Amino acid sequence: MEGSLSFFTYFYFMETVLITGGTGMVGKQLTELLVLKGYDVIIVSRKKIIARRHASINYAVWDLQSQTIDKTAFEKADYIINLAGAGVADKRWTNARKKEIVESRTRAGSTIVKALKTIPNKVKCVVNASAIGWYGADTEESLRKEFSEEAVADTQYLGDTCKQWEASIEPITQLGIRLVKLRIGIVLSNGGGALAEFKKPLKNGIAAILGNGKQIISWIHVEDLCRLFVYAIENNNLNGAYNAVASSPVSNEELTLTLARITRGNSFKSFHVPAFLLKIILGEMSIEVLKSATVSNHKIASTGFTFKFPTIELALEDLKES
């Protein structure tokens, strides 16, 4: 009887998560986790996707220019996870690219707010991606205490971008919908992103330390990040901003040398890439590559969330490719 009841509950009360930006590195792994946990998933993208990876995964289309979204799909959603946004490190920061980075985020937020106001829905919670770019560079105080969620947004480009990003989704709180904003650190994943860039020089036996290597990197394993998104929708006590970073930020040098030892043993040579060279190659983006940001996860940890990969050694060992 108990088994029949469990099946009945699962079959008739399966909830739906609508993910914007769900075709990216994080979105793909998050979708797999949600399906594994018994959710239906609707992935919203700018282009129509026909092929289905799983019976529990469906697709819908939205248009950020006209701020429209598939009405039928939206009506099915119990939760929304907003990952939409042009990749910050994908291209050189021209003025046009910087504008695209900002607008891809703010228009996504505005489109979701508009849909929640105009389309009948049953959405209980929105979890919005943000970034630790909110905090800017380390200060003497942040090196002692770490940046916490109460800190004001930095006035430089990424800080202002994050401020606009979060502000674009904030109006949903006036609708009585719970809003969680995850300020995400450097995501470590074998699916792309920063870790792939760290690994490239190691293929030739070079551990490339950026600048003096002392800048602090606040990072998170992609699996912990996906678990944190699920945790956010499943815990009604979560509201507002939380830093999505592991428990132990590390210097660029420590991350690079730990990765080198794990992937190559002792068969590598370390090399410092001069800051001036990075500025020539990357332009304005080099500011972020060389920036130190020591960010605290105390707030989310205090809610009971436990990190599977709290140290860089555990994370990189898990991500070691055979």
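Quick note: the coordinates plus some simple rules give every number you see, no bench work behind them. Fair warning: this is a prediction, and the values are worked out from it, not measured in the lab. Cβ atoms come from the backbone with ideal geometry, glycine included; neighbour counts cover every protein chain shown.
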Quiz item: Can you list the HN-Hα couplings for segment 243-258, worked out from phi with the Karplus curve (6.51, -1.76, 1.60; θ = phi - 60°), rounded to whole Hz and with x for Gly and Pro?
Solution: 7, 9, 9, 6, 6, 10, x, 10, 6, 4, 5, 5, 4, 5, 6, 5
Exercise. Mind telling me which of 229, 147, 276 comes out most flexible in a GNM of the chain, alpha-carbon contacts under 10 Å?
Key: 276
Quiz item: Which one of 307, 280, 297 is farthest out on the positive end of the charge dipole of segment 277-319, using unit charges on Cβ (Lys, Arg +1; Asp, Glu -1) and the Cα centre as origin?
Solution: 297
Quiz prompt | Alpha-carbon spread of the chain, three principal axes, descending order, Å | solution = 59, 48, 40
Quiz prompt | Choice from 75, 140, 32 with maximal GNM fluctuation in the chain (Cα, 10 Å cutoff) | solution = 140
Self-check item: Sequence-distant aspartates and glutamates (8 or more away, or on other chains) whose Cα lies within less than 16 Å of residue 214
Solution: 138, 140, 146, 253, 254, 288
Exercise. Calculate, in nm to one decimal, what residue 275 and residue 160 gain on full extension: separation in residues at 0.36 nm each, minus their alpha carbon distance.
Key: 39.0 nm
Self-check item: Net charge dipole size for segment 179-255 [Lys, Arg +1 and Asp, Glu -1 on Cβ; Debye, nearest 20]
Solution: 180
Exercise. In debye, nearest 20, what is the charge dipole magnitude of segment 133-274 about its Cα centre with +1 on Lys and Arg Cβ and -1 on Asp and Glu Cβ, if you could check?
Key: 700
Quiz item: Once the dipole of segment 76-151 is set up with Lys and Arg at +1 and Asp and Glu at -1 on Cβ about the Cα centre, which of 123, 101, 83 lies farthest towards its positive end?
Solution: 123
Quiz item: For segment 243-293, what is the Kirkwood hydrodynamic radius in Å, using each pair of distinct C-alpha atoms?
Solution: 12.9
Quiz prompt | Inter-label distance for residue 212 and residue 152, nm, one decimal - labels placed 7 Å from Cα along Cα-to-Cβ | solution = 2.8
Quiz item: Could you give the nm distance between label points at residue 234 and residue 203, where each point is 7 Å from its Cα heading toward the beta carbon?
Solution: 3.8
Quiz prompt | Intensity falloff of segment 90-144 expressed as log10 I(q)/I(0), Debye formula with alpha-carbon point scatterers, at q = 0.13, 0.16, 0.17, 0.23 Å⁻¹ | solution = -0.57, -0.74, -0.79, -0.98
Quiz item: Could you work out the helix-only [θ] at 222 nm for the chain, with each DSSP H run of four or more residues adding -39,500 (n - 2.57) and the total divided by the number of residues, to the nearest 500 deg cm²/dmol?
Solution: -11500 deg cm²/dmol
Practice problem: Report the relative contact order of the chain, percent, no decimals, based on alpha-carbon pairs under 8 angstrom and at least 6 residues apart. | Solution: 17
Quiz item: Size of the dipole of segment 212-322 about the Cα centre, Lys and Arg at +1 and Asp and Glu at -1 on the beta carbon, nothing else charged, in debye to 20?
Solution: 260
Quiz item: In segment 169-322, with Lys and Arg counted as +1 and Asp and Glu as -1 at Cβ, which of these residues, 191, 217, 201, has the Cα nearest the positive end of the dipole, that is, farthest along it?
Solution: 201
Quiz item: Per-residue HN-Hα couplings for segment 118-130, Karplus 6.51 cos²θ - 1.76 cosθ + 1.60 at θ = phi - 60°, whole Hz, x for Gly and Pro?
Solution: 10, 10, x, 8, 10, 5, 9, 7, 10, 10, 10, 5, 9
Quiz prompt | Out-of-range pairs (alpha-carbon distance over 22 Å; input 48/163; 91/200; 71/117) | solution = 48/163
Quiz prompt | Candidates 144, 264, 227, ranked by Gaussian network fluctuation over the chain, Cα under 10 Å, top entry | solution = 144
